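This report refers to the structure that appears directly beneath it.
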Amino acid sequence: MKHINIVETGPRDGFQSVSCHMIPTETKLEIIGAIVDAGVKRIQCTSFVSPKAIPQMHDAAEVTRTLLEKYPDVSFFALVPNFRGAEAAVQAGLDSVSTVISLSASHNMNNVRRTHQQSFDELERILDAFPELKVEIDVATAFGCPFEGQMDVGRLVEFVGKLERIGVRDFNICDTIGVAYPVQVRQAFSELMEAFPEAHFSAHIHDTRNMGILNSYEAIRCGVDTVQTTLGGLGGCPFAPGATGNTATEDLVYLLDREGYETGIDQRALLRAAKLQVEKIPGNYSGHHILIQERPA
Ligand code: COA
Ligand code: ZN
């Protein structure tokens, strides 16, 4: 049985998209606790960003410290948009972060207010200052950009090459606005894995066109062993107009269970966590599936 690593990113990518009310810190911790109870072993728990840019992440340090203390067996990491964020993440006790750079220069400017070169320089600064820190890159808008349209696979491969030369080994290839399609996903991951055999690639696919599960599975069938999803499909990038929810964790786990993959996650417990989250947090759920009652296996 092939093992697939499911990385839950809802506490960052999902919670950051909730704009109608502030999610209480205890509610975040309760939902993350339910995700841990379902057997998820790697969770992006928050982001260390400007609270002006993303007010919902104001409690990043508190959330991180509490989780690290409570669940020592779970691997937590956070998104950091800049050096200052990396510093704060390390201070809160994390040994693993992801930092985001968009393939499209216009989205990079809109999201982190940097040119590509400024982002590369900042990344080098982080790598130099924290040699023990695991730094993964979220390559945002890898398939399409809200401002520039469809992204070319050749351009993606060249971009990853630049980051690899800076010293990055872990890449999370993101369909930030959910416009990828299976042929494009297959071509992107096959070419990346062939061009960079020493690197590790994961997939992070949004569900705007209902293709999240299809594209995530396509990546897995290409040999990708790590996929990022969000509980209930909650999500959407605040800096990408039109971006909606993510691939729902409980749906991907269901598919993988049935198709003979192993995730180590209890899908029914995940479904209960998703229902709890829908009750507690009104938001943009790509999943209709959550409403379906549990049935006998
Ligand atoms: N944590 C907390 N506050 C931060 C911060 C961080 N990592 N980085 C910057 N800030 C604050 C600064 O203190 C400043 O606050 P002030 O206006 O009260 O003085 C403000 O943000 C702007 O600072 P500046 O140095 O101009 O920021 P910057 O250009 O280095 O970066 C970003 C701005 C990118 C940090 C900010 O726009 C951001 O956090 N964006 C979020 C990106 C994101 O998470 N997108 C969605 C996920 S892909
Ligand atoms: Zn995302």
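The values are calculated or read from the model by the stated rules, or taken from the named source; none is laboratory data. For clarity, every value in this text was computed on a predicted model and none was experimentally measured. Neighbour counts are summed over all protein chains in view; Cβ atoms, including those assigned to glycine, are modelled from backbone coordinates with ideal geometry. Calculation scope for accessible area: heavy atoms of the full protein, side chains included, ligands and nucleic acids excluded. Shrake-Rupley method; radii C 1.70, N 1.55, O 1.52, S 1.80 Å.
Here the chain has 50 percent of its accessible surface on carbon and sulfur atoms, given a 1.4 Å probe and all protein chains in place. Per-residue Karplus couplings for the range 178-185, computed as 6.51 cos²θ - 1.76 cosθ + 1.60 with θ equal to phi - 60°, are listed in order as x, 10, 5, 9, x, 4, 5, 4 Hz, Gly and Pro entered as x.
Taking K and R as +1 and D and E as -1, what net charge do the other residues with C-beta under 14 Å from the C-beta of Ser106 add up to? Kindly include the intermediate steps, with their values, before the conclusion.
Numbers: positive: Arg113, Arg114, Arg155; negative: Glu148.
Result for the neighbourhood of Ser106: +2.
Determine, for each peptide in 97-108, 22-33, the mean count of other beta carbons within 10 angstrom over its residues, then list the peptides with the highest first.
In decreasing order of mean packing, 97-108, 22-33 become 97-108, 22-33.
Under the combined filter of DSSP loop state and at most 16 neighbouring Cβ atoms within 10 Å, the range 189-270 retains these GluC sites (Glu not before Pro): Glu198, Glu259. Each label point was placed 7 Å from the Cα along the Cα-to-Cβ direction; for Glu124 and Leu68 their separation is 2.9 nm. Counting Lys and Arg as +1 and Asp and Glu as -1 over every other residue whose Cβ lies under 9 Å from the Cβ of Ile4, the net charge comes to -1.
Can you bin the range 5-289 into rounded, prolate or oblate? Criterion: square roots of the alpha carbon gyration tensor eigenvalues sorted a ≥ b ≥ c, rounded for a/c under 1.5, prolate for a/b above b/c, oblate for the rest. Because its axes are fairly even, with a/c under 1.5, the range 5-289 counts as rounded. Cross-link reach is defined here as a Cα-Cα straight distance under 24 Å, omitting same-chain residues fewer than 8 places apart; for Lys275 the lysines meeting it are Lys28, Lys41, Lys70. If you average the alpha carbon positions of the range 157-184 and of the range 44-110, how far apart do those two centres end up, in angstrom? Taking the Cα centre of each part, the range 157-184 and the range 44-110 sit 20 Å apart. Between Arg155 and Cys20, the modelled labels are 3.6 nm apart [label points 7 Å from Cα along Cα→Cβ]. Electrostatic tally near Thr25: other residues with Cβ closer than 12 Å to its Cβ, Lys and Arg +1, Asp and Glu -1, net -2.
In this structure, the amide hydrogen of Met151, modeled 1.01 Å from its nitrogen in the peptide plane, lies closer than 5 angstrom to those of Gly144, Cys145, counting only residues at least 5 positions away or on a different chain. Averaged over its residues, the chain has an accessible area of 42 Å² per residue, based on protein heavy atoms and a 1.4 Å probe.
Please list the non-local residues whose amide H lies under 5 Å from the amide H of Asn246, H modeled 1.01 Å from N, same-chain partners needing a gap of 5 or more. The answer is Asp207, Leu234, Gly235, Ser286.
Accessible surface for Asp128 stands near 120 Å², nearest 10, in the context of the full protein assembly shown (1.4 Å probe). Antiparallel versus total DSSP beta bridges in the range 5-289: what percent is that, nearest 5? Beta bridges within the range 5-289, antiparallel portion: roughly 10 percent. Considering only Leu156, Leu255, Leu270, the Gaussian network model of the chain with Cα springs below 10 Å gives its largest mean-square fluctuation to Leu255. Derived scalar couplings between HN and Hα for the range 21-33 equal 7, 7, 7, x, 4, 4, 5, 4, 5, 5, 5, 4, x Hz in order, rounded to whole Hz, by the Karplus curve 6.51 cos²θ - 1.76 cosθ + 1.60 (θ = phi - 60°), x for Gly and Pro. Computing FRET efficiency as 1/(1 + (r/R0)^6) for Glu194 and Asn5, where r is the C-beta to C-beta distance and R0 is 25 Å, gives about 0.75. Distant-in-sequence amide contacts of His200, defined by a placed amide H-H separation under 5 Å and a gap of 5 or more residues or a different chain, comprise Asp170, Phe171.
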